[in-house]
1. Among the listed residues PHE448, PHE402, PHE476, identify the single one that is assigned to a strand (DSSP E or B) and within 29 Å of PHE70 (Cβ to Cβ).
2. Output the qualifying pairs, or none if there are none: Cβ atoms under 9 angstrom, residues six or more apart or on different chains, first residue in the range 172-186 and over 10 Å from THR472 (Cβ atoms), second residue β-branched (Val, Ile, Thr) and surrounded by 14 or more Cβ atoms within 10 Å (Cβ to Cβ).
3. Take ALA290 and decide whether it is open to solvent by less than 50 Å² (accessible area, probe 1.4 Å), within 16 Å of the ligand (Cβ to nearest atom) and closer than 18 Å to GLY274 by Cβ.
4. For the range 271-294, give me the residue count where each residue is of a type outside the set (Val, Ile, Thr) and more than 18 Å from ALA124 (Cα to Cα).
5. So, in the range 31-80, how many residues would count as being among the charged types (D, E, K, R) and not assigned by TED's automatic domain parsing to the domain that holds CYS11?
6. Among the numbered conditions (1) in contact (Cβ under 8 Å) with a residue 40 or more places away in the chain; (2) at positive phi; (3) surrounded by fewer than 19 Cβ atoms within 10 Å (Cβ to Cβ), tell me where GLY436 comes up short.
7. Which residues, taken from the range 464-489, are open to solvent by 60 Å² or more (accessible area, probe 1.4 Å) and under 25 Å from the mean Cα position of the chain (by Cα)?
8. Starting from residues that are open to solvent by 10 Å² or more (accessible area, probe 1.4 Å) and of a type in the set (Gly, Ala, Ser), keep the ones in the range 318-360 and report whichever is modelled with the highest pLDDT.
Amino acid sequence: MTTVILRNADCIYTCDDRNRAYRNGYILVRNHRIAEIGHEPWQGHHADISHDLTGCVVIPGLINTHHHFFQSIVRGIPATQRAFAIDWLAGLYPLWSELDPEALYWASMTATAELLLTGATTTADHSYLMPSEDGDFVVSQVNAATDTGIRLHLVRGSMPTMEGDLAARLAPVMGKRLRRLQDRDEELIPAIEDALRIHHDPSRHSMLRLALGPTGVSYARPDFMRRIADIAAAGNCGLHTHYLPRQIERTLSRQLTGLDPLSVLAESGWLRPGTWFAHCTELDDNEIKAFAENGCGVAHCPRTIIRLGYQIPRIAAMRRQGIRVGIGVDGASSNDSGSMLNEVRLGLMLHRINTPDDADPLSEWMTPYQALLMATRNGAAILGRDDIGHLAPDMSADIVAFDLDDVSYVGASSDPLAALLMCGSDSRARLTMVNGRTVVENGKLASFNEDAIVTNAGAAGHRLLSAAQRHTGIDFARPTGEGQQAHMV
Ligand SMILES: [Zn+2]
């Protein structure tokens with residue numbers, strides 16, 4: 001039996017059913033679970049491991065509800081720095097198509113390390129690109145999560161059809177290699193069923209669960225959407241995909257199916273608890289009502305919205321209707337930083353800017369505590385979990401501490417949570433614990449050699465860039481458009 005005591009925390013925000021916060025508190029962890037929370041002085045005598053958290057604010061481990069690990073080794077690519085949506089995808093697919101299991105392992109190490117360092121203890125990963133039959137992409141991700149120590153909800157994804165006119169645009173550039181991107185049912189379905197059978201652990205305190213879902217709603221293949229929903233229902237796992245939907249998608253849906261996008265989701269069994277959608281930037285009133293009534297969640301990815309020029313989602317309207325809205329950092333190609341804490345900071349603010357005819361009223365601007373709940377309790381509910389997302393006895397010991405003893409927090413001591421979410425120029429955690437294991441200590445990764453990740457992931461990214469350039473002739477380092485650039489000398 002291992003016991004760990006976290007002592008002298010400046011303030012512990014439990015996010016529990018009574019919204020309790022403890023000034024000058026302690027947490028006792030026993031056998032991977034939280035055993036006690038209280039005010040100092042702790043009355044116990046011995047613990048195997050002790051951490052002094054003087055000057056720290058302590059919160060439940062943050063829960064990231066949307067990511068694409070594979071993108072983490074190719075960020076800030078000049079050719080797509082200013083591209084919008086489909087152009088951005090067209091620019092990056094030739095690069096991503098070079099992915100192999102080893103590159104995915106290092107990309108996943110990068111993504112999970114960055115999440116743990118910035119306060120996330122659980123993450124979803126929407127992994128929809130597995131462009132080769134050599135090796136096992138799922139195992140690469142599972143191994144990386146085990147090595148860094150994060151709790152993983154792996155969305156075993158797919159791409160049955162490509163969005164918009166992408167296939168036609170990419171064919172001249174990629175030739176036969178375009179086939180690497182699109183899945184074929186006869187290979188995909190058995191692979192999904194195998195992954196579910198081998199890796200999905202629905203038990204309480206599980207470190208690895210699976211969910212299913214293609215990269216976007218396939219309006220050309222509603223039969224595929226239904227099949228995936230049926231497999232997920234039979235396998236007792238969640239469903240996840242991107243859903244905005246843009247006007248062009250609404251038109252396409254009507255052309256191909258005779259239905260609006262919401263009806264396609266309803267008819268294919270996607271409107272149910274356990275389903276969550278990324279972005280939801282253009283939901284209408286019917287969609288908000290249907291998501292709320294059917295228990296569907298939303299992964300809000302604030303920085304992606306800014307990076308790709310999306311509309312700002314109607315967060316207040318969603319919350320008013322009772323939709324569970326969580327926070328997601330999204331893939332590193334549309335959020336070149338994977339900092340979870342910074343994403344929560346931005347989520348607290350972004351909805352305050354809104355289109356004039358759909359303004360989030362001042363009375364509904366979120367408090368720092370509501371933003372924290374989005375990234376903790378809401379995230380847990382979206383992923384269908386009752387063992388993470390708040391701090392209480394018998395919950396998994398997923399705990400994060402941030403040190404506020406820093407010049408960037410001066411003057412904010414009256415509200416430690418506001419200090420963390422409204423101030424601060426750094427996002428590294430002092431301590432990150434997942435399932436009772438310390439994986440970040442004093443702002444450094446404790447579970448794996450961080451320098452090895454930097455070196456190996458950097459090399460894997462270079463390998464992808466050179467292979468893509470060799471196969472397509474595209475110079476990914478060359479910026480597109482006329483914007484002013486510095487000249488390297
Ligand atoms: Zn995404």
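The values are calculated or read from the model by the stated rules, or taken from the named source; none is laboratory data. All figures in this text were calculated on a predicted structure; none of them were measured in a lab. Virtual Cβ from ideal backbone geometry, glycine too; neighbours counted across all protein chains shown. These area figures cover heavy atoms from the full protein model, side chains too; ligands, DNA and RNA do not enter into them. Shrake-Rupley method; radii C 1.70, N 1.55, O 1.52, S 1.80 Å.
1. Values: PHE448 fails: assigned to a strand (DSSP E or B); PHE476 fails: assigned to a strand (DSSP E or B).
One residue alone meets the criteria, PHE402.
2. Close Cβ pairs (under 9 Å, with a partner that is β-branched (Val, Ile, Thr) and surrounded by 14 or more Cβ atoms within 10 Å (Cβ to Cβ)) amount to GLN182/THR161.
3. Values: open to solvent by less than 50 Å² (accessible area, probe 1.4 Å): yes; within 16 Å of the ligand (Cβ to nearest atom): no; closer than 18 Å to GLY274 by Cβ: yes.
Against the criterion (open to solvent by less than 50 Å² (accessible area, probe 1.4 Å), within 16 Å of the ligand (Cβ to nearest atom) and closer than 18 Å to GLY274 by Cβ), ALA290 does not qualify.
4. First, the residues of the range 271-294 that are of a type outside the set (Val, Ile, Thr): 271-274, 276-280, 282-287, 289-294.
The next check asks that each one be more than 18 Å from ALA124 (Cα to Cα); those that pass are 271-272, 282-287, 289-294.
Matching residues across the range 271-294 total 14.
5. First, the residues of the range 31-80 that are among the charged types (D, E, K, R): 33, 36, 40, 48, 52, 75.
Restricting the remaining residues to those that are not assigned by TED's automatic domain parsing to the domain that holds CYS11 gives 75.
Adding up the residues that qualify gives 1.
6. Of (1) in contact (Cβ under 8 Å) with a residue 40 or more places away in the chain; (2) at positive phi; (3) surrounded by fewer than 19 Cβ atoms within 10 Å (Cβ to Cβ), only one is false for GLY436: (3).
7. None; the set is empty.
8. Filtering the range 318-360 for residues that are open to solvent by 10 Å² or more (accessible area, probe 1.4 Å) and of a type in the set (Gly, Ala, Ser), the one modelled with the highest pLDDT comes out as GLY322.
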